[in-house]
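The values are calculated or read from the model by the stated rules, or taken from the named source; none is laboratory data. What you are looking at is a predicted structure, and each value in this text was computed from that prediction instead of being measured. Cβ placement follows ideal geometry from the backbone for every residue including glycine, while neighbour counts extend to all protein chains displayed. These accessible areas exclude ligands, DNA and RNA; they are computed on the full protein's heavy atoms, side chains included. Shrake-Rupley method; radii C 1.70, N 1.55, O 1.52, S 1.80 Å.
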Amino acid sequence: CKFLNKQHIKLQEAPETIPAGQTPHAVVLVCLDEFKDAVQPGDRITVTGMFQASSIRPNKNQRIIKAVFKTHMEVFHIKKAEAHRVARERLAGPEEFFHEYIFFWVFLLTIGNTTRSFMAPASLMFTRCLTHVTLYMRVFTNLQPPGIWQHEDIKKGILCQLFGGVNKDLRDRGLGKSRGDINILLCGDPGTSKSQFLTHVNKVTPRGIYTSGKGSSSVGLTAYVSKDPVTKELVLESGALVLSDGGICCIDEFDKMSEGTRSVLHEAMEQQTISIAKAGIICTLNARASVLAAANPIGSSWNPKLPIVDNINLPPTLLSRFDLIYLILDNPDPMNDRQLARHITAMYATGPEALSAEIMPPELLARYISYAREHIHPVITDTAAEALVHAYMELRQFGGSRKTIAATPRQLESLIRISEALARMRFSSEVALGDVAEALRLIKTALCQSVTDPVTGMVDMSIITTGLSESSRQRLNQSVVSLRDYLSHRRIGAPLRLRALLEEYNQQNNVHFI
């Protein structure tokens, strides 16, 4: 007898290829020998094989078979990922080198906007592209979604999320693992292109899953238990976060998730793992994915007089796990409204290709980001480490008061991740001072928008860490002390309802206790 490794894989139709009004079809793949474990859940693949049919025997003890046969495909070849999608990061070993020679159209940025075709190693080609002084802006210009005007800082933050920081394994030092993925939250008024950001990123990333908070459940995000049709045993089916391992999970309508669904995100966004204990199956699954979420305010209108915690139905413990939180507000401005209308009108009149004269081919851009994620792992030098310390101290004093906390150690880790992502864009093996300065500017921009106290106008990180700003906490403590003094001087023994007591207290004191 000769025994072979065998694996059954369920291949589902890609979302962008599904015909209108139909559900995605699936086919069972039979992988033998070297094809076993060749792909992971969430990979986008193209399969070549032989489509076969096999009979179904309802009873093993009888020779009667069903009239309907079950089908499967025997795999002969598997091709991973598509050319226009970004590859995920792999831990580079000493034996991993890039010897692939590629042939496609590329912009020679050192010469101008002329397009040439040539055969060259990818490392040499990208090095020639890196000599351009405006590389950061060139990549930023080509990555931004068509039809979205302004929001430059948001686009730069999403660009850093696509490149990502460096995943560090410090278990040999007793420090565990440190994530390099960047989490971003977009919140604001409806109709401000939040969903367009998510759909554009989902088209570029290789293992991206797009889901909506209203139609998602906790098992849909993590994993659910099902019965294997062949072995009749209970098996785990991967959810959206597990399928996005190594990519970006885009979650729309983030504020409309149920409490049980949001609770599973705490572990996935910080430890990047998902612990499962269902039906006798106890395991820990990897969820090393970045989260790009979009949320709408309560009542579909942003109230500038309230902090972000009161505007969005999200707990502070979940908000604090986002590296960058951006507000996209629809403020009336005749000049901006006119320019936005002209931008959208030009897009529909002439097409997206006419919006910019210097557009890099998407295949080149995707391969550029893929090469950076796979082979560029920048390290933090002593000079960059000292600059990070000064940047963190500057963030701590950004609030303008000793009592307010403008930054926590999580912001320092965000500084490190964004600095590493900016260094990857330059194909640099070291983090430079300019990377730290740009990362500090991006975080300051996000902090000024999201964690500014509407009463005092100062940056207060405690808004998203505890749910209350320092000024609100002082007013609450003052109200409690005032109410306690009022109750101690009030005549004892007179019965009074709580509502009437509060109304009487509010009439006699300037500090109102609600």
Residue-by-residue Karplus 3J(HN,Hα) for segment 463-479, coefficients 6.51, -1.76, 1.60, Hz, glycine and proline x: 5, 9, 8, 10, x, 10, 7, 5, 5, 5, 5, 5, 5, 5, 5, 5, 5
FRET E, pair LYS10, GLN271, Förster distance 35 Å, beta-carbon r, rounded to 0.05: 0.80
With DNA, RNA and ligands ignored, accessible area of LYS444 (1.4 Å probe; Å², nearest 10): 50
Stretchable slack from CYS448 to LEU234, in nm (0.36 nm times residue separation minus alpha-carbon distance): 72.1 nm
Gyration tensor verdict on segment 434-485 (Cα atoms; rounded if a/c is under 1.5, prolate if a/b is larger than b/c, oblate otherwise): prolate
Estimated FRET transfer efficiency when R0 is 30 angstrom, pair ASN286-CYS1 (beta carbons, to 0.05): 0.25
Pairs beyond 29 Å (Cα-Cα), from LYS2/LYS232; LYS194/LYS444; LYS156/LYS203; LYS256/LYS278; LYS194/LYS227; LYS168/LYS194: LYS194/LYS227; LYS168/LYS194
Apportionment of accessible area to carbon and sulfur, segment 401-469, percent (1.4 Å): 59
Heavy-atom accessible area order for GLU74, GLU259, largest first, 1.4 Å probe: GLU259, GLU74
Chymotrypsin sites (Phe, Trp or Tyr not before Pro) within segment 185-272: DSSP coil, no more than 16 neighbouring Cβ in 10 Å: none
Accessible surface ranking that places the most exposed of TRP149, TRP302 first, with a 1.4 angstrom probe: TRP149, TRP302
Computed lengthening from SER178 to THR46, 0.36 nm per intervening residue step minus Cα-Cα distance: 44.2 nm
Relative contact order [Cα under 8 Å, 6+ residues apart], segment 369-504, whole percent: 24
Protein-only accessible surface order, largest first, of MET50, MET335 at 1.4 Å: MET335, MET50
Projected label distance in nm at ARG342 and LEU483, using a 7 Å step from Cα toward the beta-carbon: 5.6
Solvent accessible area, Å² - LYS80, 1.4 Å probe, full protein context: 110
Pair ASN59, SER226: separation of 7 Å Cα→Cβ label points (nm): 3.0
Residue-level accessible surface for GLU152, protein heavy atoms, 1.4 Å, Å²: 80
Rounded to 5, percent antiparallel among DSSP beta bridges of segment 213-307: 75
